[in-house]
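*Asks:* Questions regarding the structure given below will be posed in turn.
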Amino acid sequence: MTGHRLRQALASLASVPVTLFGLVLVTFLIGRAMPIDPVIAIAGDHAPPDVIARVRLEMGLDQPLPVQFWIYLRNLLHGDLGHSVMTSRAVTEDIARFFPATLELATTAMIVAVLLGVPLGVVAAWRQGSRFDHVVRVFSLAGQSVPVFVLGLVCLLVFYAKLGIAPGTGQLDVAYEGLVPHITGMLVLDAALDGDWDEFWDAAAHLVQPAAVLAYFSMAYITRMTRAFMIEALSGEYIVTARAKGLSASRILWRHAFGNITVRLVTVLALAYAGLLEGAVITETVFSWPGIGLYLTGSLLNADMNAVLGATLVIGLVYLVLNLLSDLAYSLLDPRVR
């Protein structure tokens, strides 16, 4: 059984290079298909023709498409994503600088979404057809129907502009900028590690609104899927048998029914977390959160193709890693897979 599990893990790992190559190829082709000339973005709209020709030659854009892809792939294998026109730094350095803020925001939102969404879905399924179930369904439907940027703007208008009980945009108040040491790149954690609790509470306060917006969006999806899985599980014959044995409601609900949906729920949570990392693009723009989403938006507006392709590749890689981890978790959670 251990050898079979090892073979499954090796098979999953073996598919990673093929998938990653496909991701790189698609990213490269999208970059070449976009109606943006990276040479003009670097040299400027009014650059002389000889300067444009020299920059195009230096970037290898005068070569056939397969040769360009080989150059791109070779640079990528050396960890070189090019330089950003917008920041004048290496794209890998920019991603290392901006991604921790996105990770902090998405992880906080995911924790809140799981802690609230899963119990709501379970209880709604247990009390199917009740008033509580109807409220949860409306709440979940609204969460997936209202655009994230609308919800973010409403939060800023109500809690910041009108009531004044929440801080504005950004990750930290201007009075604390530059004072938090860069340890992990996640300001709340860095401030706590540094022991500066004034900065910690300020960073946490700035985190609340964008994290709540993302958490609501993800919680709606998790709640709906959990409820659907639980309704199916509660209709099984083993639940009838458990009730006939006189088992308590909580044991039937959480050990038997919920335990049966754990494997499918892992996939939902992995996709929801990846979606948060991707969906943070809009939320970060609304709240001026200095993460990979804001970096990607600014790069698009400035026709900074190296930065756009690098950020897109990172987001795709996150999806790939989370999908791989969810596949590996199957063998640990489901004895039928083992």
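The values are calculated or read from the model by the stated rules, or taken from the named source; none is laboratory data. Everything numeric in this text was worked out from a predicted model, so none of it was measured. Heads up, the Cβs are rebuilt from the backbone with ideal geometry, glycines too, and the neighbour counts pull from every protein chain shown.
*Asks:* Does at least one position in region 157-176 carry a residue that is within 27 Å of residue 225 (Cα to Cα), in a helix (DSSP H, G or I) and in the same structural domain as residue 213 (by TED's automatic domain parsing)?
*Replies:* For region 157-176, residues within 27 Å of residue 225 (Cα to Cα), in a helix (DSSP H, G or I) and in the same structural domain as residue 213 (by TED's automatic domain parsing): absent.
*Asks:* Taking the stated definitions as given, is residue 107 at pLDDT 90 or above, under 28 Å from residue 318 (Cα atoms) and hydroxyl-bearing (Ser, Thr, Tyr)?
*Replies:* Spelling it out, residue 107 is indeed at pLDDT 90 or above, under 28 Å from residue 318 (Cα atoms) and hydroxyl-bearing (Ser, Thr, Tyr).
*Asks:* Report whether or not residue 157 is within 26 Å of residue 278 (Cα to Cα) and touching a residue at least 24 places away in the same chain (Cβ under 8 Å).
*Replies:* no
*Asks:* Hey, can you tell me all the residues within region 256-288 that are out of contact with any helix residue (DSSP H, G or I) (no Cβ under 8 Å at 6 or more places or on another chain) and buried (at least 21 other Cβ atoms within 10 Å of the Cβ)?
*Replies:* Answer for region 256-288, where residues must be out of contact with any helix residue (DSSP H, G or I) (no Cβ under 8 Å at 6 or more places or on another chain) and buried (at least 21 other Cβ atoms within 10 Å of the Cβ): there is none.
*Asks:* Next question, about the same structure. State yes or no: is residue 141 closer than 12 Å to residue 224 by Cα and of a type outside the set (S, T, N, Q)?
*Replies:* The answer is yes for residue 141.
*Asks:* Right, another one. Could you list, in sequence order, all residues of region 179-217 that are over 17 Å from residue 155 (Cα atoms), touching a residue at least 40 places away in the same chain (Cβ under 8 Å) and not hydrophobic (A, V, I, L, M, F, W, C)?
*Replies:* If the condition is that a residue be over 17 Å from residue 155 (Cα atoms), touching a residue at least 40 places away in the same chain (Cβ under 8 Å) and not hydrophobic (A, V, I, L, M, F, W, C), then 184, 185 are the ones that fit.
*Asks:* Here is a list: 132, 99. Which entry is farther than 26 Å from residue 152 by Cα, in contact with a helix residue (DSSP H, G or I) (Cβ under 8 Å, 6 or more places away or on another chain) and not charged (D, E, K, R)?
*Replies:* 132
*Asks:* Now for a separate question. Taking residue 69 as the residue in question, decide whether it is touching a Phe, Trp or Tyr at 6+ places or on another chain (Cβ under 7 Å), modelled with pLDDT of 75 or more and either acidic (Asp, Glu) or not assigned by TED's automatic domain parsing to the domain that holds residue 301 (or both).
*Replies:* Answer is yes for this residue.
*Asks:* Does region 64-77 include one or more residues that are under 21 Å from the mean Cα position of the chain (by Cα) and within 29 Å of residue 270 (Cβ to Cβ)?
*Replies:* Within region 64-77, none of the residues are under 21 Å from the mean Cα position of the chain (by Cα) and within 29 Å of residue 270 (Cβ to Cβ).
*Asks:* What number of residues in region 227-238 are more than 22 Å from residue 137 (Cα to Cα) and assigned to a loop (DSSP other than H, G, I, E, B)?
*Replies:* Number of matching residues: 1.
*Asks:* Find the residue count for region 230-273, including only residues that are closer than 30 Å to residue 148 by Cα, of a type in the set (A, V, I, L, M, F, W, C) and without any contact (Cβ under 8 Å) to a residue 60 or more places away in the chain.
*Replies:* The qualifying residues number 4.
*Asks:* Evaluate region 205-223: report whether one residue or more is surrounded by fewer than 16 Cβ atoms within 10 Å (Cβ to Cβ) and not β-branched (Val, Ile, Thr).
*Replies:* Yes: region 205-223 contains one or more residues that are surrounded by fewer than 16 Cβ atoms within 10 Å (Cβ to Cβ) and not β-branched (Val, Ile, Thr).
*Asks:* If you don't mind, there's one more thing I want to ask. Can you tell me which residue in region 78-95 is farthest from residue 294 (Cα to Cα), limited to those that are under 22 Å from the mean Cα position of the chain (by Cα) and in contact (Cβ under 8 Å) with a residue 40 or more places away in the chain?
*Replies:* Filtering region 78-95 for residues that are under 22 Å from the mean Cα position of the chain (by Cα) and in contact (Cβ under 8 Å) with a residue 40 or more places away in the chain, the one farthest from residue 294 (Cα to Cα) comes out as 81.
*Asks:* While we're here: Regarding residue 188, is this residue in a loop (DSSP other than H, G, I, E, B) and of a type in the set (A, V, I, L, M)?
*Replies:* For residue 188, the condition - in a loop (DSSP other than H, G, I, E, B) and of a type in the set (A, V, I, L, M) - is not met.
*Asks:* Would you confirm, using the coordinates I've provided, whether residue 298 is over 17 Å from the mean Cα position of the chain (by Cα) and at positive phi?
*Replies:* no
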